[in-house]
Ligand code: ACM
Ligand code: ZN
(Lines give C-alpha, C1' and ligand atoms only; values in the text may rest on other atoms or scores of the structure.)
(Ligands and ions follow the chains in the order given, each with its own letter.)
Protein backbone atom coordinates (compact mmCIF):
# COMPACT_ATOMS: atom_id res chain seq x y z
CA UNK A 1 0.00 0.00 0.00
CA UNK A 2 2.31 2.66 -1.34
CA UNK A 3 0.03 5.67 -1.59
CA UNK A 4 -2.31 7.34 0.87
CA UNK A 5 -3.91 10.65 1.74
CA UNK A 6 -1.30 11.07 4.48
CA UNK A 7 1.77 10.16 2.43
CA UNK A 8 3.20 8.87 -0.85
CA UNK A 9 5.75 6.17 -0.09
CA UNK A 10 7.57 5.14 -3.29
CA UNK A 11 9.97 7.01 -5.55
CA UNK A 12 8.59 7.61 -9.04
CA UNK A 13 11.27 9.05 -11.29
CA UNK A 14 8.94 10.71 -13.77
CA UNK A 15 7.05 12.52 -10.98
CA UNK A 16 9.66 13.60 -8.42
CA UNK A 17 7.24 15.83 -6.51
CA UNK A 18 5.35 12.70 -5.37
CA UNK A 19 8.15 12.12 -2.88
CA UNK A 20 9.59 15.65 -2.61
CA UNK A 21 6.19 16.96 -1.50
CA UNK A 22 3.85 13.97 -1.21
CA UNK A 23 5.93 11.90 1.21
CA UNK A 24 5.91 14.56 3.96
CA UNK A 25 3.21 16.00 6.16
CA UNK A 26 3.70 18.99 8.39
CA UNK A 27 2.13 17.37 11.48
CA UNK A 28 -0.44 14.77 12.49
CA UNK A 29 -3.71 14.97 14.31
CA UNK A 30 -3.67 13.70 17.89
CA UNK A 31 -5.88 10.66 18.52
CA UNK A 32 -8.88 10.07 16.34
CA UNK A 33 -9.25 13.54 14.84
CA UNK A 34 -9.40 15.53 18.08
CA UNK A 35 -8.79 18.80 16.23
CA UNK A 36 -5.40 19.11 17.99
CA UNK A 37 -2.12 18.43 16.18
CA UNK A 38 1.28 17.18 17.34
CA UNK A 39 3.33 19.84 15.52
CA UNK A 40 5.86 17.21 14.37
CA UNK A 41 6.74 16.86 10.68
CA UNK A 42 6.54 13.26 9.47
CA UNK A 43 7.78 11.69 6.26
CA UNK A 44 9.53 8.88 4.46
CA UNK A 45 9.50 6.78 1.32
CA UNK A 46 11.22 3.83 -0.32
CA UNK A 47 13.64 4.58 -3.12
CA UNK A 48 13.19 2.27 -6.11
CA UNK A 49 16.46 0.61 -5.17
CA UNK A 50 15.25 -0.11 -1.63
CA UNK A 51 11.97 -1.50 -2.94
CA UNK A 52 13.86 -3.80 -5.32
CA UNK A 53 15.91 -5.06 -2.40
CA UNK A 54 12.72 -5.97 -0.51
CA UNK A 55 11.29 -7.72 -3.58
CA UNK A 56 14.50 -9.76 -3.97
CA UNK A 57 14.65 -10.63 -0.26
CA UNK A 58 11.04 -11.82 -0.38
CA UNK A 59 11.55 -13.74 -3.65
CA UNK A 60 14.42 -15.72 -2.09
CA UNK A 61 11.83 -16.86 0.46
CA UNK A 62 9.17 -17.68 -2.17
CA UNK A 63 7.14 -14.60 -1.30
CA UNK A 64 5.74 -12.26 -3.93
CA UNK A 65 5.32 -8.63 -3.02
CA UNK A 66 2.16 -7.23 -4.61
CA UNK A 67 2.23 -3.43 -4.83
CA UNK A 68 -0.86 -1.28 -4.39
CA UNK A 69 -1.35 2.21 -5.78
CA UNK A 70 -4.73 3.23 -4.41
CA UNK A 71 -6.94 5.11 -6.88
CA UNK A 72 -9.02 7.20 -7.48
CA UNK A 73 -9.45 7.86 -3.73
CA UNK A 74 -6.84 8.03 -0.97
CA UNK A 75 -4.80 10.21 -3.32
CA UNK A 76 -4.51 13.47 -1.40
CA UNK A 77 -0.72 13.21 -0.97
CA UNK A 78 -0.34 12.86 -4.76
CA UNK A 79 -2.73 15.78 -5.25
CA UNK A 80 -0.62 17.93 -2.93
CA UNK A 81 2.26 17.25 -5.33
CA UNK A 82 0.28 17.53 -8.58
CA UNK A 83 -2.93 19.50 -7.86
CA UNK A 84 -3.90 19.55 -11.55
CA UNK A 85 -4.89 15.88 -11.18
CA UNK A 86 -7.80 16.76 -8.89
CA UNK A 87 -11.27 18.03 -9.80
CA UNK A 88 -10.81 21.44 -8.12
CA UNK A 89 -7.15 22.01 -8.93
CA UNK A 90 -6.38 22.47 -5.26
CA UNK A 91 -4.37 23.62 -3.46
CA UNK A 92 -4.14 20.43 -1.40
CA UNK A 93 -1.90 19.51 1.52
CA UNK A 94 -0.63 16.07 2.48
CA UNK A 95 -3.40 15.23 4.88
CA UNK A 96 -2.78 15.77 8.59
CA UNK A 97 -5.90 13.87 9.64
CA UNK A 98 -6.86 10.18 9.60
CA UNK A 99 -9.82 8.67 7.79
CA UNK A 100 -11.03 9.15 4.25
CA UNK A 101 -10.28 12.37 2.42
CA UNK A 102 -12.89 13.87 0.08
CA UNK A 103 -10.14 14.82 -2.39
CA UNK A 104 -9.84 12.27 -5.19
CA UNK A 105 -8.38 12.08 -8.68
CA UNK A 106 -10.45 13.71 -11.42
CA UNK A 107 -11.93 10.97 -13.60
CA UNK A 108 -12.79 13.35 -16.42
CA UNK A 109 -9.27 14.52 -17.11
CA UNK A 110 -7.12 12.50 -19.53
CA UNK A 111 -4.03 13.79 -17.73
CA UNK A 112 -5.02 11.69 -14.74
CA UNK A 113 -5.01 8.44 -16.70
CA UNK A 114 -1.66 9.39 -18.26
CA UNK A 115 -0.29 9.97 -14.75
CA UNK A 116 -1.57 6.62 -13.46
CA UNK A 117 -0.15 4.72 -16.44
CA UNK A 118 3.24 6.39 -16.01
CA UNK A 119 3.30 5.60 -12.29
CA UNK A 120 2.25 1.97 -12.87
CA UNK A 121 4.88 1.51 -15.57
CA UNK A 122 7.56 2.29 -12.97
CA UNK A 123 5.81 0.20 -10.30
CA UNK A 124 5.71 -2.81 -12.64
CA UNK A 125 9.38 -2.41 -13.36
CA UNK A 126 10.15 -2.63 -9.63
CA UNK A 127 7.59 -5.30 -8.69
CA UNK A 128 7.54 -8.29 -11.08
CA UNK A 129 4.32 -9.64 -9.50
CA UNK A 130 1.70 -11.03 -11.87
CA UNK A 131 -0.87 -9.13 -9.77
CA UNK A 132 -1.10 -5.37 -9.30
CA UNK A 133 -3.46 -3.81 -6.76
CA UNK A 134 -5.08 -0.51 -7.72
CA UNK A 135 -7.14 0.13 -4.60
CA UNK A 136 -10.56 1.52 -5.45
CA UNK A 137 -11.83 1.63 -1.86
CA UNK A 138 -13.56 4.58 -0.25
CA UNK A 139 -13.57 6.75 -3.37
CA UNK A 140 -15.63 9.72 -2.22
CA UNK A 141 -17.64 11.15 -5.12
CA UNK A 142 -18.44 14.69 -3.79
CA UNK A 143 -16.06 16.37 -6.23
CA UNK A 144 -17.18 14.24 -9.16
CA UNK A 145 -20.81 15.41 -8.71
CA UNK A 146 -19.69 19.02 -9.10
CA UNK A 147 -16.78 18.70 -11.54
CA UNK A 148 -17.58 19.86 -15.13
CA UNK A 149 -14.94 17.49 -16.57
CA UNK A 150 -16.25 14.45 -14.68
CA UNK A 151 -19.85 15.30 -15.60
CA UNK A 152 -18.89 15.85 -19.26
CA UNK A 153 -17.14 12.46 -19.36
CA UNK A 154 -20.24 10.77 -17.91
CA UNK A 155 -22.48 12.38 -20.55
CA UNK A 156 -20.11 11.48 -23.37
CA UNK A 157 -20.02 7.84 -22.29
CA UNK A 158 -23.68 7.59 -21.31
CA UNK A 159 -22.84 6.66 -17.72
CA UNK A 160 -25.76 6.67 -15.34
CA UNK A 161 -23.99 7.63 -12.15
CA UNK A 162 -20.66 8.30 -10.47
CA UNK A 163 -20.19 4.62 -9.51
CA UNK A 164 -20.19 3.84 -13.22
CA UNK A 165 -17.63 6.61 -13.70
CA UNK A 166 -15.38 4.83 -11.22
CA UNK A 167 -15.88 1.58 -13.13
CA UNK A 168 -14.94 3.34 -16.38
CA UNK A 169 -11.89 4.95 -14.79
CA UNK A 170 -10.82 1.62 -13.32
CA UNK A 171 -11.28 -0.12 -16.66
CA UNK A 172 -8.80 2.24 -18.35
CA UNK A 173 -6.21 1.17 -15.82
CA UNK A 174 -7.16 -2.53 -15.96
CA UNK A 175 -6.83 -2.55 -19.77
CA UNK A 176 -3.43 -0.92 -19.52
CA UNK A 177 -2.27 -3.53 -16.99
CA UNK A 178 -3.70 -6.32 -19.14
CA UNK A 179 -1.64 -5.07 -22.08
CA UNK A 180 1.40 -5.68 -19.85
CA UNK A 181 0.17 -9.17 -18.86
CA UNK A 182 -0.82 -8.12 -15.36
CA UNK A 183 -3.96 -9.05 -13.45
CA UNK A 184 -5.61 -6.31 -11.42
CA UNK A 185 -6.80 -6.56 -7.84
CA UNK A 186 -9.30 -4.01 -6.45
CA UNK A 187 -10.96 -3.48 -3.09
CA UNK A 188 -14.59 -4.57 -3.13
CA UNK A 189 -16.24 -1.13 -3.45
CA UNK A 190 -14.94 -1.06 -7.02
CA UNK A 191 -17.67 -3.53 -7.93
CA UNK A 192 -20.56 -1.52 -6.48
CA UNK A 193 -21.62 -0.26 -9.90
CA UNK A 194 -22.03 -3.83 -11.15
CA UNK A 195 -19.88 -2.82 -14.12
CA UNK A 196 -16.42 -3.80 -12.97
CA UNK A 197 -14.25 -5.36 -15.66
CA UNK A 198 -14.55 -9.13 -15.37
CA UNK A 199 -10.90 -10.13 -14.94
CA UNK A 200 -10.44 -7.98 -11.84
CA UNK A 201 -9.93 -9.89 -8.60
CA UNK A 202 -11.94 -8.38 -5.79
CA UNK A 203 -10.56 -8.04 -2.30
CA UNK A 204 -13.47 -8.18 0.15
CA UNK A 205 -12.95 -6.12 3.28
CA UNK A 206 -15.85 -3.77 3.98
CA UNK A 207 -18.31 -6.00 5.68
CA UNK A 208 -21.84 -4.62 5.88
CA UNK A 209 -23.44 -2.44 3.25
CA UNK A 210 -21.31 -3.84 0.41
CA UNK A 211 -21.93 -7.54 1.16
CA UNK A 212 -24.79 -7.87 -1.31
CA UNK A 213 -22.58 -6.53 -4.08
CA UNK A 214 -19.75 -8.91 -3.24
CA UNK A 215 -22.08 -11.91 -3.06
CA UNK A 216 -23.59 -10.97 -6.44
CA UNK A 217 -20.10 -10.73 -7.96
CA UNK A 218 -18.98 -14.09 -6.56
CA UNK A 219 -22.14 -15.77 -7.84
CA UNK A 220 -21.43 -14.29 -11.27
CA UNK A 221 -17.96 -15.85 -11.31
CA UNK A 222 -15.84 -13.10 -9.78
CA UNK A 223 -12.67 -14.27 -8.05
CA UNK A 224 -12.16 -12.83 -4.58
CA UNK A 225 -9.63 -12.56 -1.78
CA UNK A 226 -11.25 -12.55 1.64
CA UNK A 227 -9.98 -9.84 4.00
CA UNK A 228 -13.13 -9.20 5.95
CA UNK A 229 -12.62 -6.27 8.31
CA UNK A 230 -13.74 -8.17 11.39
CA UNK A 231 -11.82 -10.36 12.17
CA UNK A 232 -9.04 -10.16 9.53
CA UNK A 233 -7.89 -6.57 10.14
CA UNK A 234 -4.98 -7.16 12.48
CA UNK A 235 -4.36 -3.53 13.34
CA UNK A 236 -7.48 -3.69 15.52
CA UNK A 237 -7.07 -4.78 19.15
CA UNK A 238 -7.90 -8.31 20.31
CA UNK A 239 -11.00 -7.26 22.28
CA UNK A 240 -12.50 -6.13 18.95
CA UNK A 241 -11.09 -8.76 16.56
CA UNK A 242 -10.42 -11.74 18.76
CA UNK A 243 -8.08 -14.66 18.14
CA UNK A 244 -11.06 -17.01 18.34
CA UNK A 245 -13.00 -14.98 15.77
CA UNK A 246 -9.98 -14.95 13.44
CA UNK A 247 -9.79 -18.73 13.77
CA UNK A 248 -13.47 -19.49 13.45
CA UNK A 249 -14.37 -17.16 10.61
CA UNK A 250 -14.98 -19.17 7.45
CA UNK A 251 -13.48 -17.66 4.28
CA UNK A 252 -16.32 -19.21 2.30
CA UNK A 253 -18.69 -17.00 4.25
CA UNK A 254 -22.45 -17.02 4.52
CA UNK A 255 -24.02 -16.24 1.16
CA UNK A 256 -21.29 -17.70 -1.07
CA UNK A 257 -21.47 -21.36 -0.02
CA UNK A 258 -21.10 -23.50 -3.12
CA UNK A 259 -18.84 -20.95 -4.81
CA UNK A 260 -15.60 -22.00 -3.09
CA UNK A 261 -13.82 -22.11 -6.46
CA UNK A 262 -14.14 -18.32 -6.65
CA UNK A 263 -12.37 -17.75 -3.36
CA UNK A 264 -8.66 -17.52 -4.18
CA UNK A 265 -7.59 -17.18 -0.58
CA UNK A 266 -7.43 -14.88 2.39
CA UNK A 267 -5.36 -11.90 3.38
CA UNK A 268 -4.99 -10.07 6.64
CA UNK A 269 -4.19 -6.40 6.55
CA UNK A 270 -2.18 -4.43 9.03
CA UNK A 271 -2.40 -0.64 8.77
CA UNK A 272 0.11 1.19 10.88
CA UNK A 273 -1.29 4.65 11.54
CA UNK A 274 -1.92 3.61 15.14
CA UNK A 275 1.15 1.35 15.45
CA UNK A 276 4.44 3.17 15.91
CA UNK A 277 6.70 0.38 17.18
CA UNK A 278 7.54 -3.19 16.19
CA UNK A 279 6.64 -4.71 19.57
CA UNK A 280 3.05 -3.56 19.23
CA UNK A 281 3.09 -4.60 15.57
CA UNK A 282 4.24 -8.11 16.47
CA UNK A 283 1.65 -8.33 19.25
CA UNK A 284 -1.16 -7.39 16.87
CA UNK A 285 0.02 -9.82 14.18
CA UNK A 286 0.84 -12.86 16.34
CA UNK A 287 -0.77 -15.19 17.07
CA UNK A 288 -3.76 -13.90 15.10
CA UNK A 289 -2.03 -14.40 11.75
CA UNK A 290 -1.53 -18.10 12.55
CA UNK A 291 -5.30 -18.35 13.09
CA UNK A 292 -5.97 -16.69 9.74
CA UNK A 293 -3.46 -18.98 8.03
CA UNK A 294 -4.99 -22.11 9.48
CA UNK A 295 -8.38 -20.90 8.30
CA UNK A 296 -6.96 -20.52 4.80
CA UNK A 297 -5.68 -24.05 4.44
CA UNK A 298 -7.74 -26.09 6.87
CA UNK A 299 -10.98 -27.75 5.92
CA UNK A 300 -13.92 -26.38 7.89
CA UNK A 301 -14.72 -29.81 9.33
CA UNK A 302 -11.19 -30.12 10.74
CA UNK A 303 -11.18 -26.80 12.58
CA UNK A 304 -10.91 -27.12 16.33
CA UNK A 305 -10.26 -23.94 18.29
CA UNK A 306 -9.13 -25.60 21.51
CA UNK A 307 -6.63 -27.77 19.63
CA UNK A 308 -5.39 -24.67 17.84
CA UNK A 309 -5.00 -22.76 21.12
CA UNK A 310 -3.13 -25.68 22.66
CA UNK A 311 -0.80 -25.90 19.69
CA UNK A 312 0.22 -22.26 20.32
CA UNK A 313 1.78 -23.29 23.62
CA UNK A 314 4.56 -24.93 21.66
CA UNK A 315 5.36 -21.90 19.55
C1 ACM B 1 -9.49 -0.40 3.40
O2 ACM B 1 -9.31 -0.81 4.54
N3 ACM B 1 -9.92 0.84 3.19
C4 ACM B 1 -9.25 -1.23 2.25
ZN1 ZN C 1 -13.35 15.74 -12.05
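The values are calculated or read from the model by the stated rules, or taken from the named source; none is laboratory data. Note that the structure is a prediction, hence the values are computed from the model and not measured. Here the Cβ is made from the backbone with ideal geometry for all residues, glycine too, and neighbour counts use every protein chain on show.
Take the conditions (1) touching a residue at least 24 places away in the same chain (Cβ under 8 Å); (2) more than 18 Å from residue 85 (Cα to Cα); residue 149 misses just one of them, which is (2). Considering only the stretch 135-148, how many residues are within 16 Å of ligand 2 (Cβ to nearest atom) and closer than 21 Å to residue 4 by Cβ? Number satisfying all stated conditions: 6.
Kindly list the number of the only condition in (1) part of a loop (DSSP other than H, G, I, E, B); (2) more than 11 Å from ligand 2 (Cβ to nearest atom); (3) farther than 25 Å from residue 29 by Cβ that fails for residue 119. Unmet for residue 119, out of (1) part of a loop (DSSP other than H, G, I, E, B); (2) more than 11 Å from ligand 2 (Cβ to nearest atom); (3) farther than 25 Å from residue 29 by Cβ: (1). A single entry from 132, 124 fulfils the requirement of being at pLDDT 95 or above, surrounded by 15 or more Cβ atoms within 10 Å (Cβ to Cβ), in a helix (DSSP H, G or I) and more than 16 Å from ligand 2 (Cβ to nearest atom): 124. Evaluated against (1) without any contact (Cβ under 8 Å) to a residue 40 or more places away in the chain; (2) more than 18 Å from residue 269 (Cα to Cα); (3) out of contact with any strand residue (DSSP E or B) (no Cβ under 9 Å at 6 or more places or on another chain), residue 210 falls short on exactly one condition, (3).
Could you name every one of the helices (runs of 4 or more DSSP H) located completely within the stretch 217-315 that has at least 1 residues being under 30 Å from residue 197 (Cβ atoms) and within 16 Å of ligand 1 (Cβ to nearest atom)?
On the way: elements: 229-232, 243-248, 278-285, 288-297, 305-312.
In the stretch 217-315, the matching helices (runs of 4 or more DSSP H) lie at 229-232, 288-297.
Could you tell me whether residue 161 is over 30 Å from residue 53 (Cβ atoms), in contact with a helix residue (DSSP H, G or I) (Cβ under 6 Å, 6 or more places away or on another chain) and more than 16 Å from ligand 1 (Cβ to nearest atom)? Judged against the criteria, residue 161 is not a match. If you filter the stretch 89-98 down to residues that are at negative phi and surrounded by 14 or more Cβ atoms within 10 Å (Cβ to Cβ), you find that the one that is nearest to ligand 2 (Cβ to nearest atom) is 92.
Residues in the stretch 100-120 that are farther than 21 Å from residue 162 by Cα and surrounded by fewer than 14 Cβ atoms within 10 Å (Cβ to Cβ): there are none.
Within the stretch 221-252, being within 11 Å of residue 207 (Cβ to Cβ) and within 21 Å of the chain's Cα centre (by Cα) holds for 226, 227, 228, 229, 230, 231, 232, 233.
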